[in-house]
């Protein structure tokens, strides 16, 4: 298939995704919708799954990890209330798709991935797409961002955890700015509860959004291997 035909085909299914799976449900933030229309999900999906790039479901990306369904990416982005002044910490780079979406809405994204292969792949894709406001790190995301490499403020305005945790890791709560938001799938079973918490005077005020299914975050302050 010629590249132009391929681009046209993906553009059509991306537009369908926007209408059916996002606008057709509860994604209403115009900035989120615009970014979801802009970021090419097929770039982040293995070649063998590219025909399913805009189906509303997760897809395997290797290392036992998945790329989240478009609706969940849009929902988490919308609920995190990102703006252009935000410095965001993302725990679980994965394919880099969610990273790319956040990067279009925020000042800067700091993203941690446990698997170097996934981190390197995501970095290469974002470089190819001309996205430059992302800093990558390979390590244990449950421990937070290394202190010597924190933003100038020493805290993050938003934190998104893209893998299941038994509870919000304490190092991440510490790195969240006051009046900031942190989002995570929380739970120990096969189904977790997606929650968003606002930090006020060192306390988290939690709001439940919906049930979700995520792979587990493995780390010192999360699930053990």
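Between the stretch 160-225 and the stretch 51-124, how far is it from one alpha carbon centroid to the other, in angstrom?
16 Å
Over the stretch 1-81, what is the relative contact order in percent, taking alpha-carbon pairs closer than 8 angstrom and at least six residues apart?
Relative contact order for the stretch 1-81 comes out at 29 percent.
What value, in deg cm²/dmol to 500, does the helix sum -39500 (n - 2.57) over DSSP H runs of n ≥ 4 give at 222 nm once divided by the residues of the chain?
Per the formula, -8000 deg cm²/dmol.
Starting from the Kirkwood Rh over alpha-carbon pairs, what translational D in µm² s⁻¹ does the chain have by Stokes-Einstein at 37 °C and 0.692 mPa s?
Once the numbers are plugged in, D ends up at 187 µm²/s.
Arrange 181, 223 by Cβ neighbour counts within 10 Å, fewest through most, would you? Let's see the in-between values first.
Working: 181 23, 223 15.
Ascending Cβ contact count within 10 Å gives the list 223, 181.
Suppose a student asked you for the relative contact order of the chain, using Cα pairs under 8 Å spaced at least 6 residues apart; what percent would you report?
14 percent
To the nearest 10 degrees, how steep is helix 3-17 against the longest Cα principal axis of the chain, on a 0 to 90 scale?
Taking Cα atoms only, the helix is inclined about 60 degrees.
In which sequence would 32, 215 go, from the one with the fewest C-beta neighbours within 10 Å to the one with the most?
215, 32
When averaged across all projection directions, what area in nm² does the alpha-carbon convex hull of the stretch 31-103 cover?
Average projection, Cα convex hull of the stretch 31-103: 4.8 nm².
Where a number appears in this text, it was derived from the coordinates with a stated rule and is not lab data. These figures come from a predicted structure and were not determined experimentally. Using ideal geometry, Cβ is built from the backbone for each residue, glycine included, and neighbour counts are taken over all protein chains shown.
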